[in-house]
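Have a look at the structure below before the remarks.
Read-outs: derived from the displayed coordinates by stated rules, not from any lab. Being a predicted model, the structure only gives us computed values, none of them experimental. Here Cβ is always computed from backbone atoms with ideal geometry, including for glycine, and neighbour counts include all displayed protein chains.
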Amino acid sequence: MATATTPATPRPPEPKYRIRAHHTASTITVHQAYPPSIGLPAARDGRFPGTWKRDRMTWIKPSFLWMMYRCGWGLKEGQETVLAVEITREGFEWALRHACLSHYDADTHADQASWRRELKRSPARVQWDPERDVRLQALPYRSLQLGLSGEAVRRYADEWIVSVRDETPLARRIHGLVREGEPAAAQGLLPVETPYPAEADGELLRHLCP
């Protein structure tokens, strides 16, 4: 006699805008890639070396795979050292509250002039880019990039960093599995990233989702 089976409950679709990251109760891990002259001392000392430029914008990426897309698995020139930078959630959320969109959006801004004024005074800016799968193909939803400048850069370097880890070996290992045709094995090595407790219609992101 056939036994009735309960159909699996379909997973809800991913929202278009969501922060996905490895995070704890007090920290969030973001990713950056630098030449070895910057990345290796940062990983060794847990802070950026004196040659790291504080007067320019730096972009941090909660999504590991988006960072891999950006740096080509650590193979692009000047991005050979991939860093996992653990920072305080307090600092990360300060940046979100003081950020604006990196581009003009007619539904968000009154006009281009008001957006330019906001961009000029904001120490952080947000850009949403298509999330990537393990083959670095674009997915139909987006992940956050957070650009820091001025006061935000100084706070990031001097106050928010909890630890810095060189994750270049992990990036190369995952890339090797992908190239060998073993995407499932590669997927199993990815950092565990879960939705960060900040919704598009909530206080942290409402002003940052077009």
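Tell me the mean residue ellipticity at 222 nm calculated for the chain from its helices only (DSSP H runs of n ≥ 4, each -39500 (n - 2.57), averaged over every residue, nearest 500). Please report the intermediate quantities before stating the final value.
Values: 7 runs with 61 residues, N = 210.
Computed ellipticity for the chain at 222 nm equals -8000 deg cm²/dmol.
Looking at the stretch 114-196, which trypsin sites (Lys or Arg not before Pro) are in a loop (DSSP not H, G, I, E or B) and have at most 14 other Cβ atoms within 10 Å? Don't skip to the answer; put the middle values down first.
Working: sites: R116, R117, K120, R121, R125, R132, R135, R142, R154, R155, R165, R172, R173, R179; in loops: R135.
Listed in order of number, the matching sites are R135.
Taking every DSSP beta bridge with both residues inside the chain, roughly what % is antiparallel (nearest 5)?
The answer is about 90 percent antiparallel.
Report the label-to-label distance for D105 and S149 in nanometres (one decimal), using points 7 Å from each Cα along the Cα→Cβ vector.
1.9 nm
Based on Cβ point charges of +1 for Lys and Arg and -1 for Asp and Glu, what charge dipole magnitude is obtained for the chain about its Cα centre, in debye rounded to the nearest 20? Working shown, then result.
Values: 29 positive and 26 negative charges, 81 e Å.
Around 380 debye, computed over the chain.
For the modelled label position 7 Å from the Cα of R135 along Cα-to-Cβ, which residues of the stretch 154-196 have backbone nitrogen atoms closer than 12 Å?
Residues 178-179, 181-184 fall inside that zone.
Can you list the residues, at least 5 places off or on another chain, whose amide H is less than 5 Å from the amide H of H22, using H built in the peptide plane?
The list, which skips near neighbours in sequence, is T29, T194.
Got a sec to turn the phi values of the stretch 88-96 into Karplus ³J(HN,Hα) couplings, 6.51 cos²θ - 1.76 cosθ + 1.60 with θ = phi - 60°, whole Hz, x for Gly and Pro?
Karplus-based 3J(HN,Hα) across the stretch 88-96 equals 6, 5, 4, x, 4, 6, 4, 4, 4 Hz.
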